[in-house]
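The values are calculated or read from the model by the stated rules, or taken from the named source; none is laboratory data. Values in this document were obtained by computation on a predicted structure and should not be read as measured data. Every residue, glycine as well, gets a Cβ built from its backbone with ideal geometry; the counts of neighbours run over all protein chains shown. Just so you know, the surface numbers come from the protein's heavy atoms only, side chains and all, with ligands and any DNA or RNA stripped out. Shrake-Rupley method; radii C 1.70, N 1.55, O 1.52, S 1.80 Å.
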Amino acid sequence: LFYDSFIIDVTTPERTHMVSSYGYGFGYIGGSTIPFVAAIVLVMFGENFGVSKDLAARISFVIAACWWLVFSIPFLRDVRQKYSVPRERGMIAKSLRNIIETFVNIKKYKAVFVFLLAYFFYIDGVNTVIHMATIYGASVGIDETQMIIALLVIQILAFPFALLFGRLSKKFGGAAMLKTGIVVYIGICVFAYFMTQSWQFWLIAVLVSTCQGGMQAISRSYFAGMLPKEKSNEFFGFYDIFGKFAAIMGPALYGFFTQIFGETRYGVLSIALLFVAGGAVFLFSERKKQDS
């Protein structure tokens, strides 16, 4: 929540897409790749050095904790907040009143909340593809080693593609890149339905990596561009809540359609519905943004 909202403080509006993309890009190559590789090596080869798999898994958590601790230091030391509510007594009660006031004056922020609804649908699709990939891969015969390597490849490729999304957003606009990502993800769901061979799983992994980080990065910067700066923390609270609740619907759809038809391929195809709904609402939110 606070990390996302700081994008208002650390850059200018014309550079927001690029900075957000760099944030996600370095996050993927750093936090999602280097400690991940260290953990994999420890789990897979630790027994050669007297480290059991159970102990290796425990040490992996310590590696992640140390990583967070060390790389939070530059942020705490060097980053300063520019836009905030002045500190005063009764801040919790005042914050709750501000949230209620925002809902009461929702017409004033209609474009923001329509975008959040679009975000709710399509980011649920993105998260479901991330979380269900290994389950679906296993159901069509992809072995554990291939899936671990594929997940690692996605993290590595997400770095340059997140940066590319940022550069293309500067040229074509954030809205155009979000719509492109939604279309690509619909194609991924349809292609996954017909998947029968391991090379197709690898192709899907590469396709996911082209849009995963970019969709997350541009969504954040696009949303930041719609906000009154002094309310950034409050609105990013809504943004993150929508993102977290969005983790429910996709797996439920996947499970429901898999149960009804008896095949996981129908479950993965159903995820396309989230992107279709998100894309439709996003088009509507664009019109609301132009009207506001």
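Given a cut-off of 29 Å, name the pairs among LYS94/LYS171; LYS108/LYS244; LYS94/LYS170; LYS82/LYS179 whose C-alpha atoms lie farther apart than that in the structure shown. Numbers along the way, then the final one.
Working: LYS94/LYS171 41 Å; LYS108/LYS244 25 Å; LYS94/LYS170 38 Å; LYS82/LYS179 31 Å.
From LYS94/LYS171; LYS108/LYS244; LYS94/LYS170; LYS82/LYS179, over 29 Å: LYS94/LYS171; LYS94/LYS170; LYS82/LYS179.
The fraction of accessible area contributed by carbon and sulfur in the chain is 68 percent, rounded to a whole number (1.4 Å probe; ligands and nucleic acids excluded). In the chain, taking the dipole from charged Cβ atoms about the Cα centre, the farthest positive-side position among SER232, SER72, ALA38 is held by SER232. Our coupling estimate for segment 38-46, obtained by passing each phi through the Karplus curve with A = 6.51, B = -1.76, C = 1.60 and θ = phi - 60°, is 4, 5, 4, 4, 5, 5, 7, 10, x Hz, Gly and Pro reported as x. For segment 2-21, the residues whose amide N sits under 20 Å from a probe point set 7 Å from the Cα of MET91 along the beta carbon direction are 2-10. In terms of Cα atoms, the Rg and Dmax of segment 191-246 work out to 16.7, 52 Å. Here the dipole of segment 170-292 is about 340 debye; that uses its Cα centre as origin and unit charges on the Cβ of Lys and Arg (positive) and Asp and Glu (negative).
Over the chain, with the other protein chains present, what is the accessible area per residue in square angstrom, probe 1.4 angstrom? Please report the intermediate quantities before stating the final value.
On the way: 15840 Å² over 292 residues.
Value returned for the chain: 54 Å² of accessible area per residue.
The residues MET18, MET249, sorted by heavy-atom accessible surface at 1.4 Å with ligands and nucleic acids left out, run MET249, MET18 from largest to smallest.
The charge dipole of the chain, taken about the Cα centre with unit charges on the Cβ atoms of Lys, Arg (+1) and Asp, Glu (-1), comes to about 1160 debye, rounded to the nearest 20. Between the C-alpha center of segment 241-280 and that of segment 118-165 there is a gap of 15 Å.
Between ILE34 and PHE256, the FRET efficiency from the beta-carbon distance, with R0 = 45 Å, is close to 0.75. With θ taken as phi - 60° and the Karplus curve 6.51 cos²θ - 1.76 cosθ + 1.60 applied, the whole-hertz 3J(HN,Hα) list for segment 210-225 is 5, 10, 4, x, x, 4, 5, 5, 6, 4, 5, 6, 4, 5, 4, x Hz, x standing for glycine and proline. GLU144 contributes an accessible area of around 140 Å² to the protein surface, as traced by a 1.4 Å probe with all chains present.
Please work out whether segment 32-191 counts as rounded, prolate or oblate from its C-alpha gyration tensor, where a ≥ b ≥ c are the square roots of the eigenvalues and a/c under 1.5 means rounded, while otherwise a/b larger than b/c means prolate and anything else oblate? Verdict is oblate for segment 32-191.
Could you compute Rg(Cα) / (2.2 N^0.38 Å) for the chain, with N its residue count?
Working: Rg = 20.5 Å, N = 292, 2.2 N^0.38 = 19.0 Å.
With N residues counted in the chain, Rg over 2.2 N^0.38 Å equals 1.08.
Where only DSSP H runs of four or more residues are counted, the chain gives -27500 deg cm²/dmol as its mean residue ellipticity at 222 nm, each run worth -39500 (n - 2.57).
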